[in-house]
Each structure stands twice: as structure tokens, then as C-alpha cells.
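Below is one structure, written out as C-alpha cells, with a few remarks after it.
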There are 2 protein chains.
Amino acid sequence: MQNGKNKRIYIQDVAVRDGFQIEPRFIPTEQKIALIDALSQTGLAKIEVTSFTSPKAIPALADAEDVMNGIQRVPGVIYTVLVPNMRGAERALGCRADELNLVMSVSETHNLTNLRMTREQSFAQLAEVIDYARPSGVALNVSLSCSFGCPMEGAVPKEEVFGWVDRFISLGVHGITLCDTTGMAYPTQVYDICSEFRQRWSAAELTLHFHNTRGMGLANALGAIEAGVDRFDASLGGLGGCPYAPGATGNICTEDLTHLLGLMGYDTNVNLDALLACARQLPAMVGHEVPGQTMKAGTVTDLHSKPEWFEEVAERARQKQAQQNSLATSAAQAAAL
Amino acid sequence: MQNGKNKRIYIQDVAVRDGFQIEPRFIPTEQKIALIDALSQTGLAKIEVTSFTSPKAIPALADAEDVMNGIQRVPGVIYTVLVPNMRGAERALGCRADELNLVMSVSETHNLTNLRMTREQSFAQLAEVIDYARPSGVALNVSLSCSFGCPMEGAVPKEEVFGWVDRFISLGVHGITLCDTTGMAYPTQVYDICSEFRQRWSAAELTLHFHNTRGMGLANALGAIEAGVDRFDASLGGLGGCPYAPGATGNICTEDLTHLLGLMGYDTNVNLDALLACARQLPAMVGHEVPGQTMKAGTVTDLHSKPEWFEEVAERARQKQAQQNSLATSAAQAAAL
């Protein structure tokens, strides 16, 4: 396992979209804007700001336009938005999103369950969105749900995933996100799929989107990095969740990933302290604990002070040892006589 | 990242010692015995049964003798016990432990804080225990706390760690455990230290003991495996904790590790379903949620059923698509005319 040697890894936060969308408490628009503005200052490569879905479907993100129009954009940060259909694309372009993130599932059952369409219907709809949006010059990314398995169908053959990748790349999208929607991916699988993807589509921007549902999220990120992946979705505080696994954690945690990669010698361009300050606002904002670990434990370099009684105990131990040493020396001298 | 190709990895559970020792609620002796007996049937290589410390210091494990004498030993499983000093060694041998696990810290500050002795005093005391226990033929393992960093001192030089390893190996112990006591290790560091250890002491039984304090536990296990390590301490349900990080998780979780390694093609010899059944008893036993993820989410191969309304929605989508296809065919035919 090699040191990262300052290789750049791009970190993309999805908490305000993938995390907030399932929070039962509506996060006030001004709080969303303030959090995004704070995140914009941390050095993240991309922020998924909101979703242009029907407000009836996802009331938590009903303020999509207000959030997009309220944030202060920082040059260099890509502000991306989730877009399910043509109406969403119109709204997103109306707000000058930097990127449209289109989504469908590579599992027929999951696509029918989640989007109530066959995959072919989703593809046709997204192809229309791509046709419509391309002239605007906006960046186009496609997120493929269940790329590492479907919670209802089980394994999804790699060739099935690559078939959809190929169709979207042929339509001219610049980026593909392979999503492990319900935390089924494991490191050797991730390595294999990512290696082949990189070989077949070396020019495409490839993002990996992991959930930590079964605790494998960061291990999967290492598998992806070994295969040459340099771009990850992650969620501040580990927000997000999995409707199929109550009590399970959500997306991989942005600050835990950033902390890990920094220690391993990668350049994430992210100010970890600033990111942790953002994460520590979350519990009050969402009204419950969040899964992030580094925000609770501190970083590896955050040292703890010695207990108050330390010096007294240490002094007593040292005195005792000095006595033992002097006894040992006397015994050695006696033996030498 | 290579498939494990059925390489054997030895899983050692420490929950009833490292986990239970910090639980505020005393776990009744018969519950401990029943849990250990259930764990003995899962295929684990080793179980750390209890600690022969003063009952005043760790009241949660005051029933060490009763537990050791009450369990049903399964051939092939090593029953190890923590032993801090000579009195503990006498008690452990009196209960016919298979292995004594001796402990000290490679950080002077941590050793003084945790054991109230200098490291030299700890070493002298453990050397005495080793001398005393060796004739009995009992296996002897030394656990070195803070091998990847001290929460008060910070980084611990690798040569410092290896100095203590060398001194204990010279005394004839068969096994060494490098403990990441407060979750400071990271994968590239783990890989480097473990690679060098394996090179210098190829005959020693090397165990890695990780905590998941900052979410890096399973990633660290992958770093260790890449360096040739084949033996891990882990804790059922992820029980255990870190007094320096309230809210942080404890040891790496036995069933999450077993699940991960199985998916990657390693042979852990562990029946995961039986292990999960044990883990799912824990919340009622300790009176709170535990960090394990697989016990909540199920394994990757535990499929979920489709929602009740699935067939109706799917049928409607398919009909709509058939109409679209037939319209498209008509249009194509019309165009061809």
C-alpha cells in the first residue's frame, strides 16, 4: 500500500442533497445556504446543492431555486444539482447550475421501485434532457444507482453496468458516477470494476459514490484509489441513509474520508479543520446524532492532555524505579566482589 | 487489490473482555458464559474470555474465575485471558487458560496513565510473569498498546515499538499484538509497520488490534492484510470504546470484518450467520445500541422484497413502454414508406 505522494483526490460533498432529502425535519433555506457557503470555503471540488425533483416527492428540497439563488459561488467549486427529468433540467438551467447530475438505476427492479419507470424509459427521458441541455454548455454527469448490486435483485453483472455507461458516454456526457446505493460494494469488486472502467473510458470523469451501510465505505474508497479513481462523493457528517436498513449509516463521511486520505499522503485540497467545523453544526441542524467519527474523536493529531493526577503518579513510579535500579546496582556490585 | 483466494485469516473476538470491561451495567455471569459458548460454535480462532485484573479496578470482570470455569471449551478454539501481573497469571493458570495475554504500552505517558508504572517497570513485571508461566507450557502473547500512536504523546517512532517487540520475543513469547488503542493508525502506516515486522520476526504470531475511533478500522485491516498479516482482534457488535473520545465507536466489529473478508475471497472459517445471531443479542444484553453495521443492514446477500405495489407499477410502466415502442415502430414504418 503506497503513500499517496500528493496525488490529487477530488472530494465532492452531497450532504445537503443526499443527506437532507431524507431528514424528517425541514432544514430552513437560510441554514442550507449558510452551510453550503461554509462548505464552499473548505476546498471541496464539487458540492451537490439540491435536487430539482417535484416538491411533492421530496418536500425537504422544495426550496431548490431559493438555495441555488442564495448561495455565494466560489470560483473553482462546481455547483451540481440532481435532475430527474426535463422539467428539472429547465429549473436547473434557470438557476445556472454548473452541472446537471442525471440519475437512473442499472437494476430494472430498483429503477421501477425508485423512479417508477423501466430503465429504457429512464434512458429515453435522460437522453432527451441531454439533448436539451447540451447546447447550454452545462456539464452533464450521469449517476448510475446500484452499480455494485441491487438490494432486491442481488448482483448486477458488470457488463450490464458497462452497457449503460457506454450508452451515456455515446450521448456525450462528460462524467459518470458509479453509485453503491445501498452499501453492497466490497473492495476487490470495486477495484475490478473501476480498473476496467478506467481502461475502457479513460477520458470520462469517473466518480465513486459509496454508502457505509455495512461499514465497508472507506475500504471501498481504497479499492477505487488503487484502480486509479481520483473523485469521490461523500456526505458531511456521514448524513444520508438507506431506507432498506434502518439504523444503518448513510453515505461515506466527507471529513472521515478527507482525514484518512490526508494521513495517507493524498492531496485533497480540503481544509480539514474548516470541514470539521461544518460537520459539527449538523447535529443541531438535523436534531440528531450523525455517523461521522472524526468530528467526535478529533483528528489523529489532536492530542489529549494528561490526567490531572499524572505528574504525581509518574513521580512516584520514577522514584520506585530509581530505588529498584539502585538495589540492582548494589546486588551487581556485591556479586562482583 | 487481489482476491483473497481462500487464504485463511484468523478472527479473534475480544468483546467479552475489551467490550464488557467498560459497560456500566454488570453483565450477569451466566449471560457471559452463554455468549462465549455461542461464540465458540462460530468458528472463531480465539476468544479473549476475561481479564484477571483486580475486581476493584474492573468490577465488570470480577467474575473472571466463574466465567473461565463455566464455559464449554470447543477443541480448536484458543481461550485467552488478559493478565496484568503475577497475581493475574496465577489466577489464569489456575483456570487453565490456553493463553496469557500480557499488556503494556509502548508510550511512556500512556503506560503511566493506564498502568501507573514506567514502561521499564511493566517490562520487568511481565518478564517475571513470563518466567513463572513458561514451564506450564501455556501460550504467551504480549499486547503492545499505542503501537500506532499515543493520544497524549502523538506519534510513537517505529523503532520504539520494534525495540519492545524485540525484548519480548527474546524472552520467548510466541505472539505479539500491535494495538491501535485509540484509533490513530492509518492504512499506509499499518502496511509499513506490519511489513517490517513480518520481515524481522517471521516466526512470531502477529495479531493486529484496531479500534474504529475515526472510521479507519476496516481500511487498516486491508493495509495489514496486504503486508501479510493473517490474524485480527475484533469485537462482536463493535463493542468497546475509547475513553478519550466520547461517542466514538470501539474496536473494529467482528461480524463486519468477517463479512468484508468473506466477500473479498478470504477464508475466515467463521459462520457469519451464527456470528450475526450472537451480535444481535448484544443490545438487549448491554442495554444500548452497538456500532456493528451488518447486524442492522444484513449481509450483502440478504435480499429485500419488492414493495407491495411493485407489480402494479411495473405493469403500468411496461404497458406504457409497449405503446411507445409500437408508436416508434409505426413512425419508423411510416418513414420507410
**OP:** Go through B:173, B:14, B:335 and say which Cα lies farthest out towards the positive end of the charge dipole of chain B; charges sit on Cβ, +1 for Lys and Arg, -1 for Asp and Glu.
**Re:** B:335
Original post:
Under 5 Å between amide H atoms, partner at least 5 residues away or on a different chain: which partners does residue B:4 have, H built in plane at 1.01 Å?
Top reply: B:265, B:266
**OP:** Report, by chain and number, residues whose modeled amide H sits under 5 Å from the one on residue A:152, excluding near sequence neighbours (fewer than 5 apart, same chain).
**Re:** B:304
**OP:** Could you work out the relative contact order of chain A, using alpha carbon pairs under 8 angstrom and six or more residues apart, expressed as a whole percent?
**Re:** 19 percent
Original post:
Restricting to the range A:155-275, what percent of DSSP beta bridges are antiparallel, rounded to 5?
Top reply: 10 percent
Original post:
Arranged from highest to lowest average of other beta-carbon atoms within 10 Å per residue, in what order do the peptides B:10-18, A:111-119 appear?
Top reply: B:10-18, A:111-119
**OP:** Rounded to whole Å, how close does chain B get to the rotation axis onto A by Cβ? Give me the residue too, please?
**Re:** B:219, 2
Original post:
Net charge near residue B:193, counting Lys/Arg +1 and Asp/Glu -1 over other residues with Cβ under 13 Å of its Cβ?
Top reply: -3
**OP:** Could you sort out which of A:296/B:306; A:56/B:320; A:32/A:306; A:7/A:158; B:46/B:306 sit more than 30 Å apart by Cα distance in this structure?
**Re:** A:296/B:306; A:32/A:306; B:46/B:306
**OP:** Quantify how strongly other chains surround peptide A:154-161 by giving the mean number of their Cβ atoms within 10 Å of each of its Cβ atoms.
**Re:** 1
Subject >> Counting DSSP beta bridges with both ends in chain B, the antiparallel % (nearest 5) >> reply: 5 percent
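Ignore the peptide's own chain and count Cβ atoms of other chains within 10 Å of each Cβ in A:182-190; give me the average, rounded. Present the calculation step by step, with values, prior to reporting the outcome.
Working: counts 3, 4, 5, 2, 9, 7, 9, 5, 1.
Neighbouring Cβ atoms belonging to other protein chains average 5 per residue here.
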Original post:
For residue A:127 and residue B:280, FRET efficiency with R0 = 30 Å and r from the beta-carbon atoms, rounded to 0.05?
Top reply: 0.05
**OP:** Calculate the spin-label point distance for residue B:56 paired with residue A:2, positioning each point 7 Å from the Cα along the beta-carbon direction, and give it in nanometres.
**Re:** 5.7 nm
**OP:** Name the long-range amide H neighbours of residue B:207: under 5 Å, sequence gap of 5 or more, or other chain; modelled H, no Pro or chain starts.
**Re:** B:176, B:177, B:178
**OP:** Let me know the volume per residue of the alpha-carbon convex hull for the range A:10-297, in Å³.
**Re:** 117 Å³
Original post:
Where the label is 7 Å out from Cα toward Cβ, how close does residue A:202 come to the same position in every other copy, in nm, shortest first?
Top reply: 3.9
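Of all DSSP beta bridges in the protein assembly as shown, what percent run antiparallel (nearest 5)?
Given both bridge residues lie in the protein assembly as shown, the antiparallel proportion sits at roughly 5 percent.
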**OP:** Please work out the FRET efficiency for the pair residue B:66 and residue B:328, using the Cβ-Cβ distance as r and a Förster radius of 51 Å; give the result to the nearest 0.05.
**Re:** 0.10
Subject >> At 7 Å out from Cα toward Cβ: residue B:96 inter-copy label distances (nm, ascending) >> reply: 8.0
Original post:
Once a ≥ b ≥ c are taken as the square roots of the eigenvalues of the Cα gyration tensor of the protein assembly as shown, is the result rounded (a/c under 1.5), prolate (a/b larger than b/c) or oblate (a/b not larger than b/c)?
Top reply: prolate
**OP:** For residue B:73, go 7 angstrom from Cα along the Cα-to-Cβ vector, then report the distances to that same point in the other copies in nm, smallest first.
**Re:** 7.1
Original post:
Tell me, how many Å apart are the Cα centres for the range B:124-179 and for the range A:12-89?
Top reply: 52 Å
Subject >> Highest-first arrangement of A:229-236, B:286-293, where packing means the average Cβ count within 10 Å >> reply: A:229-236, B:286-293
Subject >> GNM flexibility winner over chain A from A:320, A:56, A:296 (Cα, springs under 10 Å) >> reply: A:320
**OP:** Partner chain Cβ atoms within 10 Å, averaged over the residues of A:262-268 - can you pull that number for me?
**Re:** 3
Original post:
Quick one: which of A:181-189, A:123-131 comes out on top by average Cβ neighbours within 10 Å, and what's the full order, highest first?
Top reply: A:181-189, A:123-131
**OP:** Note down the magnitude of the dipole of the protein assembly as shown about its Cα centre, charges +1 on Lys and Arg C-beta and -1 on Asp and Glu C-beta and zero elsewhere, to the nearest 20 debye.
**Re:** 220 debye
Original post:
Looking at the square roots a ≥ b ≥ c of the eigenvalues of the Cα gyration tensor of the range A:16-90, which shape do they give, rounded for a/c under 1.5, prolate if a/b is larger than b/c, or oblate?
Top reply: oblate
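Read-outs: derived from the displayed coordinates by stated rules, not from any lab. What you see is a predicted model; the values in this text were computed from it and never measured. Neighbour counts run over all protein chains shown; Cβ positions are idealised from the backbone, glycine included.
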